Amino acid sequence: MVVPSLKLQDLIEEIRGARTQAQEREVIQKECAHIRASFRDGDPMLRHRQLTKLLYVHMLGYPAHFGQMECLKLIASSRFTDKRVGYLGAMLLLDERHEAHLLITNSIKNDLSQGIQPVQGLALCTLSTMGSAEMCRDLATEVEKLLLQPSPYVRKKAILTAVHMIRKVPKLSNVFLPPCAKLLHERHHGILLGTITLIMELCERSPEALRHFRKVVPQLAQILRTLVTTGCSTEHSISGVSDPFLQVQILRLLRILGRNHEESSETMNDLLAQVATNTDTSRNVGNAVLFETVLTIMDIRSAAGLRVLAVNILGRFLHNSDRNIRYVALTSLLRLVQSDHSAVQRHRPTVVECLQETDASLSRRALELSLALVNGSNVRAMMQELQAFLESCPPDLRADCASGILLAAERFAPTKRWHIDTILHVLTTAGTHVRDDAVANLTQLIGGAQELHAYSVRRLYNALAQDISQQPLVQVAAWCIGEYGDLLLEGNFEEIEPLQVEEEEVLALLEKVLQSHMSLPATRGYALTALMKLSTRLRGDNNRIRQVVSIYGSCLDMELQQRAVEYDTLFRKYDHMRAAILEKMPLVEQGGPQVDEEAKESKEGAPAPTESQASQLLDLLDLLDGASGNAQHPPLLDPSPGGALVHLLDLPCAPPSPAPIPDLKVFEREGVQLNLSFIRPPENPALLLIIITATNSSESDVTHFICQAAVPKSLQLQLQAPSGNTVPARGGFPVTQLFRILNPNKAPLRLKLRLTYNHFGQSVQEIFEVNNLPVESWQ
Amino acid sequence: MQFMLLFSRQGKLRLQKWYVPLSDKEKKKITRELVQTVLARKPKMCSFLEWRDLKIVYKRYASLYFCCAIEDQDNELITLEIIHRYVELLDKYFGSVCELDIIFNFEKAYFILDEFLLGGEVQETSKKNVLKAIEQADLLQEFQKVH
């Protein structure tokens, strides 16, 4: 008895009706057997139905490879229904890995050349979805022919197929580049869109193509301008925005063409400003165009004002009620925070607000961005926000937040005490999430801040007394109490609540840590050692300590046992050495973040030998200079002293000419300091660049800072605009300014500076000549 | 676009369009993982997520999730518009589309998608033109049936 095979609809009904996975499998297996039989010797007219059923079953995850050859047969059929299903099957069941896929090449070739549009459409669609490199090579000419056919339906598909072909076989760029220029004049949106996509693909693969297509920038600009200003038919519009898909694609292409190319970028400035200001932002579609505009502005060589506009648009996005828009804004700002730091800084308050986002991917980005925006002048305010965030943030962000805070604190801590307080707060709030080196960093920091030992040990003791569960905190506290236990009992510190701490309490606390099941072995080690150190720091007798130490001599933990035994021996046999061994530790040399300081120091160390040479030379120069003394008349160098100078310069340890000229501190007053750095570019011996750097370590900001300079008449001086006029207090961002001095005659350099600024509420004016200018700056 | 997946709230696949060559096994793995990831998202979360080295844009329409994987330089916001346009096309074709339409006429869903996107790129920005093309193809199919 032949059980008739089901129609597609019925099959689907039956599968959906199955109550268990096993039942479903049964139904499908039965039907697949039918399908197989039908493929073998069933009615060819119904083949397409069988394949459709098979494709449905395939989507549910069942094997369907036996249908591959059927796809080929259906594609080769002359009936449109067959072709439709056959090509669909090919896209779903065949791919480059199957050898069978090449067999459809001929069918595709036939279908492309027969001129029936829907059929050509199917063929092109399939080719662009699963066409392998081989297929693309074989069919490139066919597709090229179709690019110039009259029917836009076929042309637009041919263009996108060309895109796919170039992705598979980059060499085919040669075939598809020439038609682009003409295609760009088309008015059909689909063709334009495809062409722009094609041009993008060509440009990204070949610098010549990129150069070639730069000349269409004006044309692209015109198309975009028309879309934005006069609009187009409603057919292509979404919520009043004219063909946003086309706009976005044009913007992307402009981005590629304008990147690293001043001229092209300049022609786009106006247009981009226009798009940025004219686009309706009430719905997602307008914002999508706006977003693409921002991306383009930031990636090309756009005018500074335009860049600020773009960042401001992103800033506005942050206020948008649509969470998706806030997301793209945060992601983009994160990418821009290094290159356009000051523009992004302006949106810092909004960014900080975004820390409260409920969606973790947004708050994570807000966190990253906030950390990137911390600098010397906002560090206190920012840290407050970030620490508040740390207390309430979701657990998966804790670790990043904690390490971010610690890193920022290291870089920008205004005072050591603030730094210690910050680390302490992080350890108490998120102690379990900090990095391993946080303990080492903090002990290093505290160790180095002698004036803060008493303060630190007090605070750590209080924190420990409240909570002994956070291991990093416990470890640092134990270490500190061990080192500075004497200060804990004696030190009196007004700023913290005066706490009368008894020796017994201290010992009890350490013992508690030692015994607690929450303490890690390492922590126990810290506590034991701390107790031992206290034996020399505290005044009472050491019986209690000795007891503890001896108990731990039989501890199961090897490390602790060994320590305890050693300490016990110290008490019993080497008591005379105990004090010396347990003395306060010297500061340990440390790599890591300190490296910057060390590198700087070594850099400044290297030019030191040259400095001594220079000073010898200067002495000689001074003797000569004393004779003239007037800034108006540059002194002439006598030939014979010149000879003596040459001898000195010939000294074996004299540096070769490109050695860096040492910096010069030329001014200091109440924490305001002025430094000069010198650069002699080797390619222009007459040129001297001086960078003046004004820093401020005082407690009051320096404002309205202006520096003027004068040099002898035979030299030419050019002052560039300073980086700013304000030097914030407490080591805020310095003001820098560049002087360019042309000295073709190598006349001795003399420099007079005039500084005016406001500081501590007073206006300051200083005029002085710079002494000790290094000879290398003008010779 | 690298691929588009449509799946139900129970994780059943309703459409899969791949624009990059991957083995069946890889496709299954990606589908399984991505479906799990997207279904685990809470309703108040944004429509974008980073997954492997791709950006995923998804949106739920009634009981169906529409999920696209785009590349780093692609614009997420316009991808949302692409998804929306596809849903509008389905809606127009089926007349107030629901998941069942897409289940029982899955091949039509593919045909419509193939008139809107090609090789992962938008090929036609006019709704009218896309629907017209489908209409013509359907007519041709009917016409050949009779003869």
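Data table
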| item | result |
| --- | --- |
| Segment A:272-318 and segment A:229-268: distance between their alpha carbon centers, rounded to Å | 12 Å |
| Estimated inter-spin distance, B:Cys98 and A:Thr230, nm [label 7 Å along Cα→Cβ] | 4.7 nm |
| Average accessible surface area per residue within chain A, 1.4 Å rolling probe, Å² | 47 Å² |
| Rounded, prolate or oblate (a/c below 1.5 giving rounded, otherwise prolate when a/b exceeds b/c) for the protein assembly as shown by Cα gyration tensor | oblate |
| Heavy-atom accessible area, 1.4 Å probe, ligands and nucleic acids excluded: residues of segment A:11-56 down by at least 50 Å² from chain alone | A:Arg16 |
| Positive-end residue, chain A charge dipole about Cα centroid, Cβ charges, pick of A:Leu55, A:Cys401, A:Pro774 | A:Leu55 |
| Chains A and B together, accessible area buried on both sides, 1.4 angstrom probe, square angstrom | 5800 Å² |
| Cα-centred dipole magnitude for chain A, charges only on beta-carbon of K, R (+1) and D, E (-1), debye, nearest 20 | 3520 debye |
| Degrees between helix A:379-392 axis and first principal axis of chain A (Cα, 0 to 90, nearest 10) | 60 degrees |
| Dipole axis of segment B:3-146 (+1 Lys, Arg; -1 Asp, Glu on Cβ), positive-most option in B:Leu64, B:Leu113, B:Ser23 | B:Leu64 |
| Between 0 and 90°, nearest 10: helix A:304-317 axis offset from chain A longest Cα axis | 80 degrees |
| Peptide A:283-289 - average C-beta neighbours from other chains (10 Å radius) | 4 |
| Surface share of carbon and sulfur [accessible, 1.4 angstrom probe, percent] for the protein assembly as shown | 51 percent |
| With DNA, RNA and ligands ignored, accessible area of A:Trp778 (1.4 Å probe; Å², nearest 10) | 10 Å² |
| With Cα atoms, 0 to 90° folded angle of helix B:76-94 axis to chain B main axis | 30 degrees |
| Solvent-accessible surface (1.4 angstrom probe) belonging to A:Asp111, in square angstrom, nearest 10 | 10 Å² |
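The values are calculated or read from the model by the stated rules, or taken from the named source; none is laboratory data. The shown structure was predicted, so the numbers you read here are calculated from the model rather than taken from an experiment. Glycine gets a Cβ as well: all are built from the backbone with ideal geometry, and neighbour counts include every protein chain shown. The area values use the complete protein model at the heavy-atom level, side chains included, leaving out ligands, DNA and RNA. Shrake-Rupley method; radii C 1.70, N 1.55, O 1.52, S 1.80 Å.
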